[in-house]
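J.: Sharing a structure here in structure tokens format.
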Amino acid sequence: MSDIVKKTANQAIEWDPMRAMREMLRWDPFREMSPLIPAFDRMAFNPSFDVTETKDAYEFRADVPGVKQDEIEISATGNRLTVSGKRESEQESKTENAYTYERQFGSFSRSFTLPEGADVDHAKSDLKDGVLTLVVPKKPAAQAKKIAISTGPKS
């Protein structure tokens, strides 16, 4: 056995499937191509999302600075939630000297698979200070209920 296998065999390795899934969703193969295409960084606007679950709902938050409310579309088909939109580039002024353009612009689209019991009919969204917040409540039947344990008949 090699040293690596021995070391790993003696240690408790904890694998978190949710963390692995987040890492896979965060990977953007096109961003790796950006050094090859000079204007690609500016055209690839892809906001990051935070997705959390509370006892009553699923909450989605995204940083979308500079995106207007009428340029964001939220749709649901079955258990698939899609958030799309675009951020327009600003017109360059010919009277100023531009040294670099680092802000990104363009269209984006993100899709999420909702779990069974998500109530998209009562979803609410809000755009405030460049942060999009979307709350998808859980159906009452999908929420956990506490079941009392009986001690049986008393003698």
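J.: If Lys and Arg each add +1 and Asp and Glu each add -1, what is the summed charge of the other residues whose beta carbon sits under 15 Å from the beta carbon of Val83?
T.: For residues surrounding Val83, the net value is 0.
J.: Just to check I understand the Karplus step: with θ = phi - 60° and J = 6.51 cos²θ - 1.76 cosθ + 1.60, what whole-Hz values come out for the range 108-122, glycine and proline as x?
T.: For the range 108-122, the Karplus curve yields 9, 8, 10, 10, 10, 8, 7, x, 4, x, 6, 9, 5, 5, 10 Hz.
J.: Where does each of 132-140, 54-62, 20-28, 113-121 land if you order them by average Cβ count within 10 Å, highest first?
T.: 132-140, 54-62, 113-121, 20-28
J.: I would also like to ask the following. Taking amide H positions as placed 1.01 Å from N in the peptide plane, with prolines and chain starts having none, which residues 5 or more places from Ala57, or on another chain, fall under 5 Å of its amide H?
T.: Lys138
J.: Taking H as built 1.01 Å from N, whose amide H comes closer than 5 Å to the amide H of Val64, not counting residues under 5 places away?
T.: Amide H neighbours of Val64, under 5 Å, 5+ apart: Val131, Leu132.
J.: Same structure, new question: Tell me the net charge near Ser107. Cut-off is 12 Å between Cβ atoms, Ser107 excluded, with +1 for each Lys or Arg and -1 for each Asp or Glu.
T.: 0
Read-outs throughout are calculated quantities, based only on the coordinates presented, and are distinct from any laboratory measurement. These numbers were taken from a predicted model, which means no experiment stands behind them. All Cβ positions, even for glycine, are placed from backbone atoms using ideal geometry, and neighbour counts span all protein chains on display.
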